[in-house]
Every structure is written in structure tokens, then in C-alpha cells.
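No lab work stands behind these numbers, since they all come straight from the coordinates. These numbers were taken from a predicted model, which means no experiment stands behind them. Heads up, the Cβs are rebuilt from the backbone with ideal geometry, glycines too, and the neighbour counts pull from every protein chain shown.
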Amino acid sequence: VQLQASGGGLVQPGGSLRLSCAASGGTVSGLTMGWFRRAPGKESEFVAAHRYDMRKTYYGDSVKGRFTFSRDNAKNAVYLQMNNLKPEDTATYYCVARTYWSVMYYSRDQYPYWGQGTQVTVSS
């Protein structure tokens, strides 16, 4: 599966962005899909993961209530709606995928498929 993330950019604090992740070479339906982010000088941080069979999404503590994961099987894509953005959300965001659900969904090592990343900068 190849993943292509897009939608990043520069936004002011309190603003919104919607990231997209298009899949090719496979279908997003049935896959565990998610997002990680990495800020300069920091470790990768779990953002969200969607369990397809349970229709349930898990979020990192720092984004709960502000970010929303969604998927569109017809378009073979997933999205991350980011609202009330803060400067600390500044990072490169990566779309990720794995075949089956993992109880360690928050660990980057669980995902063999990664997109190329899209930069999000939150600044006034």
C-alpha cells in the first residue's frame, strides 16, 4: 500500500486544517489507518488510529476533542480534521496503515506503511 498525505500548510492559532491521505496499491477498507506526527527534535507522536471492524477511533491525549479522523472508502482515502490548532501542533504529519488491529496502536513500530508526510505550521 502506498500512502500520499496532503493538506498541510500555515495556519494561525485557533484555525483549522484538513489533512488527506490517499491510498494506492490497496484499499483503505479493512485496514487499520492512522496518523502520527513529528516535530523537530522530538520523537514521533501518536495522533489517531481507526479500528475498522469496531468503527472506533482512538486519539492521542494532546489532540482529543480537537482532531477528528474520518475515512471515505469510495475515495480510498482517510482524513484528519484539525480544529482549534495550537503552536504545539506544529509538526510533519504522517498517514500510516497496517493490515490488522494492534493493541499497541499508539506505537509507530506497529505500522509498516507510511506516507511521505505533510507539514503543518501553526503560527501567528
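Things worth noting here:
- Pairs where the first residue, in the range 70-82, is under 10 Å from residue 21 (Cα atoms) and in contact (Cβ under 8 Å) with a residue 60 or more places away in the chain and the second is β-branched (Val, Ile, Thr) and surrounded by 12 or more Cβ atoms within 10 Å (Cβ to Cβ), C-beta under 8 Å, 6+ apart: 80/47; 80/68
- Residue tally, condition in contact with an Asp or Glu (Cβ under 9 Å, 6 or more places away or on another chain) and of a type in the set (D, E, K, R), over the range 68-94: 0
- The range 79-88, subset crowded, with 17+ Cβ neighbours inside 10 Å and of a type outside the set (Ser, Thr, Tyr), residue nearest to residue 15 (Cα to Cα): 85
- Residue match in the range 37-44 (condition: farther than 20 Å from residue 88 by Cβ and in contact (Cβ under 8 Å) with a residue 12 or more places away in the chain): no
Here's the yes/no breakdown for (1) surrounded by 14 or more Cβ atoms within 10 Å (Cβ to Cβ); (2) at negative phi; (3) within 10 Å of the chain's Cα centre (by Cα):
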| residue | (1), (2), (3) |
| --- | --- |
| 36 | yes, yes, yes |
| 39 | yes, yes, no |
| 46 | yes, yes, yes |
| 62 | yes, yes, no |
| 67 | yes, yes, yes |
| 90 | yes, yes, no |
| 98 | yes, yes, no |
| 109 | no, yes, no |
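- Selection count, the range 7-36, where residues are under 15 Å from residue 90 (Cα atoms) and not charged (D, E, K, R): 14
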